[in-house]
Every structure is written in C-alpha cells, then in structure tokens.
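S.K.: Quick one: this structure, given as structure tokens, is what I'll be asking you about.
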Amino acid sequence: MATRKAQGVLNEADVWDVVVVGAGNAAIAAAVSAGEHGAKRVLVCEKADRKNRGGNTFFSGGLFRFAFDRTEQLLEIAPEVKDLEGFLDGVETYPASAFQEDLLRVTGGRSDPELGKILIDNSFDTVRWMAKLGIKMEAAVTLGGVVVDGKIKWPKGTLLRAEHEGIGLSTSWFRIAGKKGIVIAYSTCAEALLRDKGGAVSGLSVRGPGGIKNIKARAVVLGAGGFEANQSWRAQYLGRPWDGAKVRGTRHNQGDGLRMAMEIGALPIGQWSGCHATPINAEAPAYGVSKLTDKTNRLSYPYGAMINRDGLRFVDEAENFWSFTYAKFGGIILNQPDSIAYQIYDQKTLHLLEKRYSTSEPIVADTLDALIDKLPVIRDVAKKTLREFNAAAGHGSFNPGVLDGMHTQGLALRKSNWAQKLDQGPYVCYPVTGGITFTFGGLKISEHAQVLDTGWRPIERLFCCGEMVGNIFHYNYPGGTGLVSGAVFGRIAGASAGKAAARI
Ligand SMILES: Cc1cc2nc3c(=O)[nH]c(=O)nc-3n(C[C@H](O)[C@H](O)[C@H](O)COP(=O)(O)OP(=O)(O)OC[C@H]3O[C@@H](n4cnc5c(N)ncnc54)[C@H](O)[C@@H]3O)c2cc1C
C-alpha cells in the first residue's frame, strides 16, 4: 500500500480505493482490513481533531467479550496471562452457545440471529487478529474479576481487555494504521454520500480544514458511531428525559453517518428507542473527558442497596452480575425523580467496590439514619425502606464470585443475590445518575456488512460497522460486546469494501 503522510487538505482529484468515516475501533479495523483485501489507497475521515480522535473507543474500558472452547486459546491473544498466578485455573471457557444465550437473554430475544451468529462465531478470531496486528491484551483484573478469598473469580467471557484500556486500544489502532500507510484526515466531517448515476456510492462530501470537498471513493465504509451525543435526536428517538443525559464518551457521535446513509435510502433497523446507559457519578462531566475516561462508572451496586429521591428502592440491584444489568440500569436511574439515585454500602462490602469509585468522594455517616439525614431524599420513607430491607435481607450465604442466591424475603421488590444486611457502619453513599454510552438503533446490513436500502436491496459500495449497525442490541447489552462487535463487523466491512474497490 502506498505510504502517504496524513494531510489536512484533501485533493478532489484523488481517487481513493476505500474511504472510511470515523476513527474508532470499528472504523480503523475496517481501514486495516480493507488494506488486507486489496485496497491500496485508504483514507480515514475523522471529524475530531487529532487530540480528540478515536470516538467512544478512546473512552472505553477496553474490555472484550469473546467465545472460546479451550483455556489455552487465551494465550494466543494475551500470552502474558500465563504468568498471572492461578489465572488459567480460575478461568471457565465460554463456548459460542453460552455467548449466544447471554446475548439473546439480555436482548429479550430480539437480537438479529444471523448478525449475532456472525458476531459470536468471529469473536475469538477477530480479537486474535487484533493481537497479531500488535494490539496488546491483558487480563481485565479491575474490570472483570472479583477477588474472593484472595483469588480472582472471573465472570465468563470477559477476561481480557486492551492494555491501557480504551486509550491503549485507540493509540494502538492509530499506530497500526500509520504503519499500513492509511491516510487520516483529522477535523474532517463527512456530510453527505455521493452516488453515480447507477445509484452506487462514489464518494463523500466532507468539510475540513480545506473547506468543503467532494472526495472520490471506489467504496465507502461508515463507522461514525451512533447518535448518543445528539440532544435533539435523543429527544426525538429516546424521548424524555434522555435529552438531558450526560454523555459518557465522545461529543462527536451525532448520528451523522446514520443521517447520511438514510438520506440515500438506507434502511433503519433495530431498537431506535433504546440505548446503552450506565450508573455513573452524579457529578460526572456532561461529556467524556480524557482524564476520567470510563472511571465515572459506578457498577458495584449488586453489593449494596439503591434508593431514589422518594426514598424507595426501584430495582433488584442484584438480579445478575453487573455486566448483565449495568447497561439497562443507567436508563432506569435516569428515569427516577431528578434522574438521581443513591448507592448505599456498609463496611462489609466496601472492599468489593471497583477502584474507580475512588474518583469521587462518598457521603459517610456512622449510622444508616445519620446517612439518610445527609441526603436530599424523603427521609422518613428512606429510613423505613432501609429498615425493611435489613429485616428482609440475610437469607443465604454471601459469595461475591457467584450468583449466591442470598436474597431478601417478603419484600415486594426483591434483591435476588448478595442481599446482606446493611449493618456495619460507617455507612457510605455514592450519588449516581444515568450516563448514555451509545444508541441501539442503526442500519440494516448484510452478512458482508453491506448497507441495505428500504427496498431490502444492497446499496452498491456502501458498508457499515460499529455502533451504526442496527438490530444487535435491544433493551440491554452483555458487557464487553461493543468493542468486539465493532471489530468483527469493521473487519468484515473493510474486507467487503476492499474487494468491491478491487472489482472496479
Ligand atoms: C466510557 C465508555 C466505556 C466503554 N467501555 C467499553 C468496554 O470496556 N468494552 C466494550 O466492548 N465497549 C465499551 N464501550 C462501548 C464502546 O466504546 C463502543 O461500542 C465502541 O467503541 C464503538 O466503536 P465505533 O467504532 O462504532 O464508534 P466510536 O469509537 O465512537 O467511533 C466513531 C468515530 O466516528 C467519528 N465521527 C462521527 N461523525 C463523523 C463524521 N460526520 N465524519 C467523520 N467522523 C465522524 C467520531 O469522531 C469517532 O472517531 C464503552 C463506551 C464508553 C463511552
């Protein structure tokens, strides 16, 4: 592939084999894959400037969920994990059938079975491809594992993450792209898709440092993220109070790619009223910031109790591990009065709180009543709620590494696991709100990641990947699936685009 220095000003006379819109995990996977499949001149248009490049991928925890049948397979991706004492003994395999079951369960059976199968069947091979390209992976100690009796207990399927999390992943992708001679145009916003007379996509209109330019391309891949940062679209598609939600990641994912594609007849599909949103520090900034990335998350709620401003519990905090509930609990919290909730812990479980809780100061008091007196809640109701919770809790034996079945008895709203009494002060409270991560509505693609039109026919030379792919997630999401989905469909979209470009 030709090596060209990344440039700010694009030349309208150039004909690119493949132009990729976006510079996150999915888009760069597509750009690299296009190069592996015959594309000699690959351009990435990134709306953000160089300092803010990389989309949500940069802000992510870098956690990857993938299927594998043998523990030793992990060494093909992260050889160093063999040096972690007891790691391989503590790991359970995660066959494709288990991944499929998790995906279907949390999405209420709505996830497209064909796309789900492609995602799952390619998950291991794609993460291994990334590792071979030079993306270092490591054990996800602070994200996936729970320490029980001094040993890490790993949840199935989410064991590895990119070294240095999203920042490491993003930096690695840009390094790999640079080595492959892929040109990256920063501060370059794709605005419209161009078509030839036959209806095939032939390029893009972009706005960048050189003004508005029409860029010629033999194939285009859209990897421009969802519409989570667009307040107006959030109000339209997700409804109230989503327009007021804090955005956990990039401010650049405004639905541009979706809009451009739909303007030329692409078929919207999936849960356009749904999104991934998590419990985050109530004081988190309005958009993701690089010094915190995903450290605003507050996901240890299965070990405590959550109340709202009315003083009431409003979810079964422990219906499952956090990785199967966090993506829907953000939305449930956002819909509580004033979009706020209070996570309450006692001393017995404080050691189980994720390290990222240390990025905010908790409210602390010696007794539960004194703690409630410090919160802006309906106090008599909150005190009664916690008294009733304590009277109902404590049935079973506590084990944070498994669904221990330690539950409340007699409450209308049960806590199904890890339901210890809150009885060892000082008591600690973290106020949380719901932060939006990404939206679920997207475009209909074929098995080759080609975008279909509203007549269910492929749009010639248009491909799509990442958050823009519709019909994978509905209602909820199994943790660690966004990055693997982006990489799998990015790799496929790039291969398809590279091959399509070579045919012209
Ligand atoms: C805080 C946080 C933590 C997360 N942690 C994890 C995790 O641990 N594991 C996991 O699997 N998932 C995680 N996710 C989700 C994951 O980050 C996303 O699913 C994934 O990164 C999406 O990749 P993408 O390439 O589709 O989009 P993005 O990475 O968001 O990239 C979109 C790109 O498109 C660009 N763009 C947008 N519009 C235009 C335009 N008009 N022209 C040009 N460029 C444009 C953006 O600037 C950006 O570069 C997390 C997300 C957040 C926010």
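S.K.: So is Asp17 among the acidic types (Asp, Glu), touching a residue at least 40 places away in the same chain (Cβ under 8 Å) and either outside the structural domain of Ala261 (by TED's automatic domain parsing) or away from the ligand (no atom under 16 Å from the Cβ) (or both) or not?
M.R.: Criteria met by Asp17.
S.K.: Specify which of the listed residues (Asp294, Asp338) is more than 16 Å from the ligand (Cβ to nearest atom) and either assigned to a loop (DSSP other than H, G, I, E, B) or of a type in the set (Asp, Glu) (or both).
M.R.: The unique qualifying residue is Asp338.
S.K.: OK, next. Please work out which residue is farthest from the ligand (Cβ to nearest atom), limiting yourself to the stretch 229-277 and to residues that are touching a Lys or Arg at 6+ places or on another chain (Cβ under 8 Å) and part of a helix (DSSP H, G or I).
M.R.: Applying the filter and picking the extreme gives Asp243.
S.K.: Does Ile280 count as within 27 Å of Lys156 (Cα to Cα), surrounded by 22 or more Cβ atoms within 10 Å (Cβ to Cβ), more than 15 Å from the ligand (Cβ to nearest atom) and β-branched (Val, Ile, Thr)?
M.R.: Here the answer is no, as Ile280 does not meet what is asked.
S.K.: Does the stretch 406-416 hold any residues that are farther than 14 Å from Phe314 by Cα and either surrounded by fewer than 14 Cβ atoms within 10 Å (Cβ to Cβ) or under 26 Å from the mean Cα position of the chain (by Cα) (or both), and which are they?
M.R.: Gln409, Gly410 - these are the residues of the stretch 406-416 that are farther than 14 Å from Phe314 by Cα and either surrounded by fewer than 14 Cβ atoms within 10 Å (Cβ to Cβ) or under 26 Å from the mean Cα position of the chain (by Cα) (or both).
S.K.: Go over the candidates Thr188, Thr171 one by one and state the one that is among the hydroxyl-bearing types (Ser, Thr, Tyr), within 9 Å of the ligand (Cβ to nearest atom) and outside the structural domain of Asn297 (by TED's automatic domain parsing).
M.R.: Every option except Thr188 fails the conditions.
S.K.: Can you tell me which residue in the stretch 134-155 is nearest to Glu85 (Cα to Cα), limited to those that are surrounded by fewer than 18 Cβ atoms within 10 Å (Cβ to Cβ) and away from the ligand (no atom under 14 Å from the Cβ)?
M.R.: Going through the qualifying residues, I end up with Lys151.
S.K.: Next question. Of the residues Leu452, Leu462, Leu411, which is part of a loop (DSSP other than H, G, I, E, B), among the hydrophobic types (A, V, I, L, M, F, W, C) and on the phi < 0 side of the Ramachandran plot?
M.R.: On inspection, the qualifying residue turns out to be Leu411.
S.K.: Among the residues of the stretch 387-395, are any out of contact with any helix residue (DSSP H, G or I) (no Cβ under 8 Å at 6 or more places or on another chain), free of Cβ contacts under 8 Å to residues at least 60 places away in the same chain and in a strand (DSSP E or B)?
M.R.: yes
S.K.: Another question about this same structure. Determine the pairs where a residue that is closer than 27 Å to Gly330 by Cβ, located within the stretch 247-265, has a partner that is buried (at least 24 other Cβ atoms within 10 Å of the Cβ) and among the hydroxyl-bearing types (Ser, Thr, Tyr) with Cβ atoms under 6 Å apart, the partner being 6 or more residues away or on another chain.
M.R.: Final answer for the pair search is Arg248/Thr437.
S.K.: Being surrounded by fewer than 17 Cβ atoms within 10 Å (Cβ to Cβ) and of a type in the set (Ser, Thr, Tyr) is the requirement here; does Ser323 meet it?
M.R.: No.
S.K.: Out of the residues in the stretch 21-63 that are over 16 Å from Gln254 (Cβ atoms) and in a strand (DSSP E or B), state the one that is nearest to the ligand (Cβ to nearest atom).
M.R.: Top of the filtered list is Leu63.
The values are calculated or read from the model by the stated rules, or taken from the named source; none is laboratory data. Values in this document were obtained by computation on a predicted structure and should not be read as measured data. In this analysis, Cβ positions are derived from the backbone assuming ideal geometry, glycine residues included, and neighbour counts consider all displayed protein chains.
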